[in-house]
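Each remark here refers to the structure printed beneath this line.
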Amino acid sequence: MTIYAPPPEFPSRDATDPGLLGAVARGEARLAPEQALELLTSAPIHALGRAADARCRAVHGDSVRTYVIDRNINYTNVCTARCTFCAFYRTAEAPDAYTLEYEQLFEKIEQLSAIGGTQILMQGGMNPELPLDWYIDLLNEIREGYPHIHVHAFSPPEFIEFVHFFNPPGKNLEEKCRWVMVRLKEAGLHSIPGGGGEIFAPAVRSKIGMGKCDAEAWLTVMYVAHSLGMYTSATMMFGHIEGLADRVHHMGLVRQWQDRALREFGEGVPPTDIAGDPGVKDTSTGGHYTAFISWPFQPENTPLGRLKEWPAPGDVQAHGPAFPGDAIARLDASGTKDQHPEFGRRLRRAGATQYLRTQALSRLFLDNIYSIGSSWVTMGPHIGQVALQFGANDMGSVMMEENVVSSAGTTYCLDEAVLCRLIRDAGFTPAQRNNTYDVIRLHSDGSSPDRRVSDWSQHRAKRLHQEQAIEVKGTAELTVGATGS
Ligand code: SF4
């Protein structure tokens with residue numbers, strides 16, 4: 001078996017050197033973190049976009065761009081964490097706290113199946129009242145009742161809380177996490193979503209993710225999943241208190257741990273029946289990150305969103321022009337919050353330009369990640385469409401509901417036809433994919449969802465459907481989102 005080796009770095013080259021960017025696009029060179037920061041900070045946006053597009057075309061070709069039909073099921077909103085960017089969590093005593101009954105969950109899966117969906121993205125708050133058997137029984141029943149549905153569920157912070165709640169055997173976090181994950185995998189868990197990534201740098205993370213696991217723990221959960229032959233994704237939520245170097249540091253850790261996964265577990269397709277005995281490391285599982293999705297922070301209804309935007313009156317005179325996040329951000333995340341008095345007290349929101357720049361950089365910097373997702377649900381469908389020219393190969397998920405991001409701001413919904421039209425109008429053939437990025441329906445002929453539409457005035461973007469809206473209507477309506485991770 002060939003051992004994976006990343007492409008070489010050329011740190012002395014200027015980041016915008018066309019020769020370097022061409023080599024990166026062809027997979028023959030790797031950006032150094034300093035070069036990535038230079039690109040993010042000062043490269044002209046069209047140069048960044050062109051380079052990311054070239055890299056995307058080298059990996060995915062010129063013709064097809066994809067989406068998946070899945071349903072985002074938030075099984076509980078009860079959570080022990082208090083993330084300052086979250087408007088979704090509730091205490092157990094809150095009048096609107098909920099945990100879905102199995103029957104409610106199955107009904108949602110039935111509706112998904114009825115419209116040709118292939119996957120559920122199931123994440124929740126971290127609810128200490130739910131025992132391990134609740135998860136195992138649920139997964140067993142889903143597997144038996146809906147064997148065609150891929151279960152993409154339980155992000156790393158949930159796994160860390162499983163370890164705290166269930167107190168499994170093991171000498172360290174990795175072993176304890178493996179004990180839990182093996183059991184959930186045997187019960188029917190297929191892959192792990194990258195929720196809860198946010199920003200890894202400790203100074204930022206400790207300010208925004210109160211009660212949530214640190215970066216090392218997050219990455220360890222994913223490492224365990226990879227060792228068991230599972231695919232996972234990685235995410236980043238930016239545009240709040242972080243500096244630009246924090247974004248590069250975050251992506252750098254994903255790249256580094258992906259190198260490790262590819263080196264240790266191979267690049268092959270994971271077998272479907274890895275035994276996964278606790279403590280046993282299979283060196284040919286093929287588990288790794290398949291996708292990276294980043295999106296800007298949505299501030300509405302959140303404590304973090306109530307911070308003043310930088311610069312507030314008097315800030316520049318008192319502290320200089322540098323945004324506090326940039327003043328303390330380091331590529332090795334060694335900056336500390338006491339290095340700027342306003343760090344964590346000022347917001348710098350990301351608009352369309354920052355979103356596109358950051359996504360384009362992720363395509364170039366994360367040379368070992370196959371899919372870069374356009375997370376347009378927060379930016380609108382047309383920015384999401386432009387994102388296909390800035391390194392994204394995938395438009396995310398056609399979802400039937402979304403509750404977490406839509407609790408914190410404006411999100412959009414589209415039906416499948418509009419999504420296909422957006423992809424086609426961007427110059428590509430739309431295709432429905434599965435969780436492993438295999439094309440399952442190529443929409444190249446007259447029967448494509450968009451080509452069956454006779455009146456486009458009925459298919460404009462709307463705000464995302466809330467769960468109640470779907471249930472009141474009593475029908476399974478498609479909505480489209482791109483925060484699915
Ligand atoms: S983001 Fe997730 S972990 Fe954080 S408070 Fe909200 S539900 Fe809990």
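The values are calculated or read from the model by the stated rules, or taken from the named source; none is laboratory data. Because the structure is predicted, anything quoted here is derived from the model rather than measured. Positions of Cβ are backbone-derived with ideal geometry, glycine not excepted, and every protein chain shown enters the neighbour counts.
Per-residue answers, yes or no, for (1) more than 16 Å from the ligand (Cβ to nearest atom); (2) crowded, with 21+ Cβ neighbours inside 10 Å; (3) without any contact (Cβ under 8 Å) to a residue 12 or more places away in the chain; (4) among the polar types (S, T, N, Q):
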| position | (1), (2), (3), (4) |
| --- | --- |
| Glu34 | yes, no, no, no |
| Ala51 | yes, yes, no, no |
| Ala54 | yes, no, no, no |
| Val68 | yes, yes, no, no |
| Arg71 | yes, yes, no, no |
| Asn77 | no, yes, no, yes |
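Failed condition for Gln104, given (1) more than 13 Å from the ligand (Cβ to nearest atom); (2) of a type in the set (S, T, N, Q); (3) touching an Asp or Glu at 6+ places or on another chain (Cβ under 9 Å), with all others met?
Evaluating Gln104 over (1) more than 13 Å from the ligand (Cβ to nearest atom); (2) of a type in the set (S, T, N, Q); (3) touching an Asp or Glu at 6+ places or on another chain (Cβ under 9 Å) leaves (3) as the failure.
Tell me, which residue of the range 135-183 that is basic (Lys, Arg) and surrounded by 18 or more Cβ atoms within 10 Å (Cβ to Cβ) is nearest to Gly211 (Cα to Cα)?
Filtering the range 135-183 for residues that are basic (Lys, Arg) and surrounded by 18 or more Cβ atoms within 10 Å (Cβ to Cβ), the one nearest to Gly211 (Cα to Cα) comes out as Lys176.
Within the range 72-112, track down each residue that is over 20 Å from the mean Cα position of the chain (by Cα) and at pLDDT below 90.
Gln111, Leu112
Go through (1) surrounded by fewer than 17 Cβ atoms within 10 Å (Cβ to Cβ); (2) assigned to a helix (DSSP H, G or I); (3) among the hydrophobic types (A, V, I, L, M, F, W, C) and name the single condition Ile109 misses.
For Ile109, the exception is condition (1).
Quick one: how many residues across the range 138-161 are in a helix (DSSP H, G or I) and free of Cβ contacts under 8 Å to residues at least 12 places away in the same chain?
Qualifying residue count for the region: 1.
How many residues are away from the ligand (no atom under 15 Å from the Cβ) and more than 16 Å from the chain's Cα centre (by Cα) if we restrict to the range 182-222?
Residues flagged as away from the ligand (no atom under 15 Å from the Cβ) and more than 16 Å from the chain's Cα centre (by Cα) within the range 182-222 amount to 14.
So which helices (runs of 4 or more DSSP H) are wholly in the range 1-77 and hold at least 1 residues that are of a type in the set (Asp, Glu)?
Helices (runs of 4 or more DSSP H) meeting the threshold: 33-42, 45-60.
Would you be able to say whether some residue in the range 294-307 is within 21 Å of the chain's Cα centre (by Cα) and among the charged types (D, E, K, R)?
Yes, that holds for at least one residue.
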